[in-house]
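The values are calculated or read from the model by the stated rules, or taken from the named source; none is laboratory data. Treat the numbers as computed from the prediction; the structure is a model and nothing was measured. In this analysis, Cβ positions are derived from the backbone assuming ideal geometry, glycine residues included, and neighbour counts consider all displayed protein chains.
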Ligand SMILES: Nc1ncnc2c1ncn2[C@@H]1O[C@H](COP(=O)(O)OP(=O)(O)OP(=O)(O)O)[C@@H](O)[C@H]1O
């Protein structure tokens, strides 16, 4: 417990003569005593036990604080807080008693922030728009007028100019262009044009002619919406969407009536293939895999195998299209041998400079990254990328300060913050929702927060009910401002208008995911920015990004935190008489500590909140343990300082028994764990162990196109497509004519 006051600042951060409750000599005595204890433990190479660490301060505080201490937020200067009874601001009106009050020491014992010596690399750039109009294509006039009037588009983007003619010719295609460059229309327009032109007019009861697979439900809804708009003049063609979370019964009814362009997530389609009699693929002409690298990843392996086998069993002649902003070399080569004479479409400027593609057919090398290096992807030119190195203890306040900076002090900002798991999204969503808006409004003015001071927080992740997911997706789409906290469920394909900032609070597990996350901003030629928050020990990740031609510039943590001096509700009393704007580093530190204390007070206001924060911390460590092998030297769970990370969850101390229950569960299942020599006191190790299974599962997944790699493991990839030579063919696993029933088949154009 701290020296009584809920917001008492102590240690290095406590300003001399500041708001503390101890008199000068007593304060000095307390500090000397605390430092002596600390030196003793440092000398022995271990941290002092939590209780003893605070004992000196606690004893003196007890003596000195018969009186209550003043809270230091402006507007609350008169209000006094008892250490036992002080209340944390909760916007739901419930007031809970504090169990313990102790202010953090945020700026002590942090690792040094290294200088970033990032190599400046030339990013791969693409031209978004062309000067060619849709009416120059050989499309139905009603389709053109729908594009012009309903979608308000006249000129084609580069990827559309290259893809539409090639797809109208009936070619299989691999399409790669940067995020937000119009790939959806690049496949939707040819599908609609072809289906409306069919000689025997399509009947609803014919069932699906086109099957579009997308990785997430929101993307399914979004693609469905685009197709629906394009089909306005062609009312006899019926689009439909299948996605998890919807009522299966109503989907079955729609399938029974007939859907001609079927958009689905893989899992839900498998559900229907297994359980719905009315689903068939007899007339499939198009198979489209949007975000193909994700769909063909190990995570979807089983589902895709079921779907492709079902489709191939009924339909041998169709056009296959694979699209993504990050079609890796692995995916393209593997798809190459399973597609029939595919056209490879890429919008990269550099290869185009050498040989201009004719009619959408790009030279073979151009789906490979410029310069022939593996897996470098184009990034929108108007996207400004930043990185901030922030010690673990300061992560939470830095994120909150950044949100305030952009969404409170700047106009019309819309932000997406990515986290590594659903639990982390939930934790930060509720924490911010309960603390930040109430601080900003109520504490500054003594009134409830006004519309102008209110921060709008939304959250989106896979553990939410579908109705809520859809509502949030719609609300954020139509909103001009707001902060969406989410997992990677929102990373792929979503076209959320006017997003100005992307924050990656937890680093992504691959450069492809980095590209997709930041690609939610700066779409279709707009401006946007991104911020990646890394711990000092993770600084090397900047070089890893550079090796994929991704350039980030540094934003200093102090710059982020300095915004707190613009809001007097974070003012410490030492600075009461000074002008905020002239604040120096010490005031910034003090204000950051005030903000951290707001979070800690909230978390420690009840046992249940403390255990909620511990669970979130546990989820963070679990997710941290799943980085792929090649990133382990940068993101290794053993390099985490549990006590420091705990601070970023509003916890005052490192939990002692973190992960024990999980480890016990795993122990029961995995007899092999015993050899790891578990020590009950080593919490991080326990969590590592409890996540061993997850790591093993995800290792392959992170290797990129793991599904195909698994199929082909053990033999060299053919560099050029060859024809199948039947049963003994070395590529038989991908060839429809030999082992259909066992294999994930992309193509079956017999
Ligand atoms: N020719 C065009 N003119 C103007 N706007 C367009 C055009 N084509 C597409 N758009 C708009 O551009 C935005 C991005 O399109 P889309 O979502 O298809 O991009 P994408 O390349 O699929 O992105 P991602 O790789 O992130 O999935 C959408 O709002 C879409 O309406």
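Some notes on this structure:
- Matching residues, the stretch 303-337, being more than 16 Å from the ligand (Cβ to nearest atom), under 24 Å from the mean Cα position of the chain (by Cα) and at pLDDT below 90: 329, 330
- Sole exception among (1) in contact with a helix residue (DSSP H, G or I) (Cβ under 9 Å, 6 or more places away or on another chain); (2) at pLDDT 95 or above for residue 510, by number: (2)
- Residue 456 touching a helix residue (DSSP H, G or I) at 6+ places or on another chain (Cβ under 9 Å) and more than 16 Å from the ligand (Cβ to nearest atom): yes
- Filter result for residue 516 (modelled with pLDDT of 95 or more, more than 25 Å from residue 639 (Cα to Cα) and touching a helix residue (DSSP H, G or I) at 6+ places or on another chain (Cβ under 9 Å)): yes
- Looking across the stretch 624-635, just one residue is surrounded by 22 or more Cβ atoms within 10 Å (Cβ to Cβ) and assigned to a helix (DSSP H, G or I), and that is 624.
- Residue list for the stretch 610-636, restricted to those being touching a residue at least 24 places away in the same chain (Cβ under 8 Å) and closer than 18 Å to residue 653 by Cα: 610, 612, 613, 614, 615, 616, 617, 618, 619, 620, 621
- Residue pairs meeting the criteria (Cβ under 9 Å; at least 6 apart or on separate chains; first within 15 Å of residue 146 (Cα to Cα) and without any contact (Cβ under 8 Å) to a residue 40 or more places away in the chain, in the stretch 178-200; second in a helix (DSSP H, G or I) and more than 6 Å from the ligand (Cβ to nearest atom)): 190/163; 190/164; 190/165; 190/166; 190/167; 190/168
- Any hit, the stretch 348-365, residues being within 17 Å of residue 549 (Cβ to Cβ), under 20 Å from the mean Cα position of the chain (by Cα) and at pLDDT below 90: no
- Among the residues of this structure, residue 493 does not count as one that is in contact (Cβ under 8 Å) with a residue 40 or more places away in the chain, surrounded by fewer than 21 Cβ atoms within 10 Å (Cβ to Cβ) and either within 16 Å of the ligand (Cβ to nearest atom) or in a loop (DSSP other than H, G, I, E, B) (or both).
- Any hit, the stretch 232-240, residues being away from the ligand (no atom under 11 Å from the Cβ), over 34 Å from the mean Cα position of the chain (by Cα) and either buried (at least 21 other Cβ atoms within 10 Å of the Cβ) or closer than 22 Å to residue 461 by Cβ (or both): yes
- Odd one out for residue 273 among (1) assigned to a helix (DSSP H, G or I); (2) modelled with pLDDT of 95 or more; (3) within 16 Å of the ligand (Cβ to nearest atom): (3)
- Helices (runs of 4 or more DSSP H) completely within the stretch 381-485 that count 2 or more residues being at pLDDT 95 or above and over 18 Å from residue 599 (Cα atoms): 466-478
- Residue count for the stretch 286-302, restricted to those that are within 16 Å of the ligand (Cβ to nearest atom) and assigned to a helix (DSSP H, G or I): 4
- Condition met for residue 472 (under 22 Å from residue 400 (Cα atoms), touching a strand residue (DSSP E or B) at 6+ places or on another chain (Cβ under 6 Å) and without any contact (Cβ under 8 Å) to a residue 24 or more places away in the chain): yes
- Checking the stretch 249-257 against the condition returns no match, with no residue being within 16 Å of the ligand (Cβ to nearest atom) and either surrounded by fewer than 21 Cβ atoms within 10 Å (Cβ to Cβ) or over 23 Å from residue 335 (Cα atoms) (or both).
- Search result, residues across the stretch 333-349 that are surrounded by fewer than 24 Cβ atoms within 10 Å (Cβ to Cβ) and not in a loop (DSSP other than H, G, I, E, B): 333, 334, 336, 337, 343, 349
- Restricting the stretch 542-601 to residues that are at pLDDT 75 or above, touching a strand residue (DSSP E or B) at 6+ places or on another chain (Cβ under 9 Å) and not in a loop (DSSP other than H, G, I, E, B), the residue that is surrounded by the most Cβ atoms within 10 Å (Cβ to Cβ): 560
- Residue in the stretch 517-527 that is touching a strand residue (DSSP E or B) at 6+ places or on another chain (Cβ under 6 Å), in a strand (DSSP E or B) and buried (at least 24 other Cβ atoms within 10 Å of the Cβ) present: no
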